[in-house]
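The values are calculated or read from the model by the stated rules, or taken from the named source; none is laboratory data. Because the structure is predicted, anything quoted here is derived from the model rather than measured. Note that we place each Cβ from the backbone using ideal geometry, even for glycine, and neighbour counts take in every protein chain shown. SASA here: full protein model, heavy atoms, side chains in, ligands and nucleic acids out. Shrake-Rupley method; radii C 1.70, N 1.55, O 1.52, S 1.80 Å.
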Protein chains: 2
Amino acid sequence: MTDLDIRPATPDDIPAIVALLADDPLGAQRESPDDLTPYLAAFERLDTDPNQHLVVAVRAGRVIGTLQLTIIPGLSRQGATRSLIEAVRIHADERGSGLGGELIQWAVDTSRRLGCQLVQLTSDKKRTDAHRFYERLGFTASHEGFKLSL
Amino acid sequence: MTDLDIRPATPDDIPAIVALLADDPLGAQRESPDDLTPYLAAFERLDTDPNQHLVVAVRAGRVIGTLQLTIIPGLSRQGATRSLIEAVRIHADERGSGLGGELIQWAVDTSRRLGCQLVQLTSDKKRTDAHRFYERLGFTASHEGFKLSL
């Protein structure tokens, strides 16, 4: 696990990130890696929002993982700020290598540094391996996650 | 249901919002309505973030509900922007009146207007009534919701 770097994503990383998003049983149906236009526009929205942290994990110059962390202020829990983890993806060659744990640890450490009192995420009920992974990292599956497509 | 107004919260609404947050089986254990200082600081963080929409529902000059909507850009799902609903509370006198549905409908309409393709929320597994409510409104309980306290 030497020379792993977790750093903010740049526009040059978009092709690699989209490839990771698409190389996934659920993502394969909903991504369009042949047309990066909507992803570049979305990157611009992320990049100009100081509460958004899109990162890549890089080893030997190769993007092997990605994660998006959102910082969310709020009134509840005595004005607690929370963070939300989205879009965690690990390259197929690196699954089981511990990289997922390092990425989540980065998100937890960054959340703490930025004053968050809570980290949250949702995971599709089909991803049962992911659920065991998050529980091993200390997360509790205390909530139902609801989605509505518009 | 006449003269209901759903509008952005102001600092003057904080005591009423905190009272709503505390008047709840789960919230009673984690709020401090006697000291508003942390809530006022949190309101400042919300108020300066253009992706945050903290609203109150008001009828006859009285705050009877609240909800926080966060707009979250992202790369996944072809650069889809999503929204997150947090901290939905309805005054005890108004539960069952349809106000909850109106507040969620406001959040869905606002999300659509702001270009979101997905609305999401999590609800504590103990809140089984809330789960039926969200399913009636068209939400799907497709995800596990994980939390980690820092």
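With respect to (1) β-branched (Val, Ile, Thr); (2) in a helix (DSSP H, G or I); (3) more than 30 Å from B:Leu40 (Cβ to Cβ), the lone exception for A:Val108 is condition (3). Against the conditions (1) touching a helix residue (DSSP H, G or I) at 6+ places or on another chain (Cβ under 8 Å); (2) under 22 Å from A:Leu121 (Cβ atoms), A:Pro11 satisfies every one except (2).
The condition of being more than 30 Å from A:Glu31 (Cβ to Cβ), part of a loop (DSSP other than H, G, I, E, B), open to solvent by 10 Å² or more (accessible area, probe 1.4 Å) and not polar (S, T, N, Q) holds for only one of B:Asp34, B:Asp12, B:Asp93, B:Asp5, that being B:Asp34.
Scanning the range B:27-46 for residues that are under 15 Å from the mean Cα position of the chain (by Cα) and either farther than 23 Å from A:Pro50 by Cα or acidic (Asp, Glu) (or both) turns up just one, B:Gly27.
Give the number of residues within the range B:127-141 that are small (Gly, Ala, Ser), facing another protein chain (nearest Cβ under 7 Å) and open to solvent by less than 30 Å² (accessible area, probe 1.4 Å). Walk me through it before giving the result.
Initial filter on the range B:127-141 (small (Gly, Ala, Ser)): B:130, B:138, B:141.
With facing another protein chain (nearest Cβ under 7 Å) added as a condition, the list becomes B:138, B:141.
Checking the rest, the ones that are also open to solvent by less than 30 Å² (accessible area, probe 1.4 Å) come to B:141.
The qualifying residues number 1.
Take the conditions (1) open to solvent by 20 Å² or more (accessible area, probe 1.4 Å); (2) more than 7 Å from every other protein chain (Cβ to nearest Cβ); B:Leu150 misses just one of them, which is (2). Taking the range B:112-126, which residues are closer than 20 Å to B:Leu69 by Cα and either crowded, with 16+ Cβ neighbours inside 10 Å or touching a residue at least 40 places away in the same chain (Cβ under 8 Å) (or both)? Selection gives B:Leu114, B:Cys116, B:Gln117, B:Leu118, B:Val119, B:Gln120, B:Leu121, B:Thr122, B:Ser123, B:Asp124.
Among the criteria (1) open to solvent by 60 Å² or more (accessible area, probe 1.4 Å); (2) of a type in the set (S, T, N, Q); (3) over 14 Å from the mean Cα position of the chain (by Cα), the one A:Gln105 does not fulfil is (3). Is the range B:57-64 home to any residue that is under 19 Å from A:Thr81 (Cα atoms), at pLDDT 95 or above and surrounded by 20 or more Cβ atoms within 10 Å (Cβ to Cβ)? So far as the range B:57-64 goes, no, none of its residues is under 19 Å from A:Thr81 (Cα atoms), at pLDDT 95 or above and surrounded by 20 or more Cβ atoms within 10 Å (Cβ to Cβ). Collect the residues in the range A:52-88 that are within 8 Å of chain B (Cβ to nearest Cβ) and aliphatic (A, V, I, L, M), keeping them in residue-number order. Result: A:Leu54, A:Ile72, A:Leu75, A:Ala80, A:Leu84, A:Ala87. Just a yes or no: is a residue in the range A:142-150 out of contact with any strand residue (DSSP E or B) (no Cβ under 8 Å at 6 or more places or on another chain) and closer than 30 Å to B:Ala130 by Cα? No, because not a single residue in the range A:142-150 is out of contact with any strand residue (DSSP E or B) (no Cβ under 8 Å at 6 or more places or on another chain) and closer than 30 Å to B:Ala130 by Cα. Checking the structure you have, find out if any residue of the range A:65-87 is under 17 Å from the mean Cα position of the chain (by Cα), touching a residue at least 12 places away in the same chain (Cβ under 8 Å), over 30 Å from B:Asp13 (Cα atoms) and not in a strand (DSSP E or B). No, the conditions are met nowhere in the range A:65-87.
Here is a yes/no grid of residues against (1) out of contact with any helix residue (DSSP H, G or I) (no Cβ under 8 Å at 6 or more places or on another chain); (2) farther than 19 Å from B:Leu69 by Cβ:
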| residue | (1), (2) |
| --- | --- |
| A:Val18 | no, yes |
| A:Leu26 | yes, yes |
| A:Leu36 | no, yes |
| A:Leu40 | no, yes |
| A:Val58 | yes, yes |
| A:Val63 | no, yes |
| A:Gln78 | no, yes |
| A:Thr81 | no, no |
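For the range B:1-51, the set of residues classified as in contact (Cβ under 8 Å) with a residue 40 or more places away in the chain and facing chain A (nearest Cβ under 9 Å) consists of B:Ala9, B:Ile17, B:Leu21, B:Gly27, listed by residue number. Of the candidates A:Leu67, A:Leu54, A:Leu75, A:Leu40, the single residue that is surrounded by fewer than 17 Cβ atoms within 10 Å (Cβ to Cβ) and at pLDDT 95 or above is A:Leu40.
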